[in-house]
Ligand code: SF4
Ligand code: SF4
């Protein structure tokens, strides 16, 4: 689930929205969703896009701007953007605007929507964070908003990412997660395949496919001793 987040406010997710349903929202650029933002978890594609925008390798961006950790529920390696240590705001929030707007992470492009992807069917559902921020014009639909935010252009990659990550997560949980003797080594190898081993001169998706094709049998060999 990619959740929206105005961390300092109380909010709830609304019902699932259909594509042609009214979605009366336009961003007014107040910047509230970038202030005190500590919950921005990146996908590999998010990291790749930011790295391309900054002309730095994914490894350097991860090291300089992110906290790397193992997500307790999924057992997967994850990266979270670290906030500016002085202001607590997102470190790309400059002069009341996003300095990496065209490469902003999925969670930011969706905001104030959250997204969940079925790991089997890859079907995507959207829910709005309520109460809605911004302005409330008439006649806008969910489809209008997603298209304006360029979500359909990346939806296939995001869906595939969710499916692959769910598969790896199940594998890690099945072998006992951190209790497995090779868990730490496996996590490092997974982090490389999902986030770090990407050449910015080539497109993301073919590299993601190649990386995961190499990763799967390697992971199976690393984890075949369950250590129990
Ligand atoms: S990446 Fe950009 S849009 Fe997202 S929280 Fe940071 S400044 Fe805001
Ligand atoms: S998405 Fe909402 S909170 Fe964020 S800048 Fe736009 S209106 Fe403000």
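The values are calculated or read from the model by the stated rules, or taken from the named source; none is laboratory data. These numbers were taken from a predicted model, which means no experiment stands behind them. Cβ coordinates were reconstructed from backbone atoms using ideal geometry, including for glycine residues, and neighbour counts include every protein chain displayed.
If we keep just the residues of the stretch 29-42 that are within 6 Å of ligand 2 (Cβ to nearest atom) and more than 15 Å from residue 129 (Cβ to Cβ), which is surrounded by the fewest Cβ atoms within 10 Å (Cβ to Cβ)?
29
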- Task: Working carefully through the options 103, 128, 135, find the one that is within 16 Å of ligand 1 (Cβ to nearest atom) and under 25 Å from residue 25 (Cβ atoms).
- Result: 103
- Query: Based on what the data block shows, is residue 62 modelled with pLDDT of 95 or more and more than 10 Å from ligand 1 (Cβ to nearest atom)?
  - Reply: yes
- Item | Subset of the stretch 91-101 (residues that are away from ligand 2 (no atom under 11 Å from the Cβ) and touching a helix residue (DSSP H, G or I) at 6+ places or on another chain (Cβ under 7 Å)) | 91, 100
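Here is a yes/no grid of residues against (1) under 24 Å from residue 151 (Cβ atoms); (2) within 12 Å of ligand 1 (Cβ to nearest atom):
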| residue | (1), (2) |
| --- | --- |
| 46 | yes, yes |
| 49 | yes, yes |
| 52 | yes, no |
| 56 | no, no |
| 68 | no, no |
| 82 | no, yes |
| 86 | no, no |
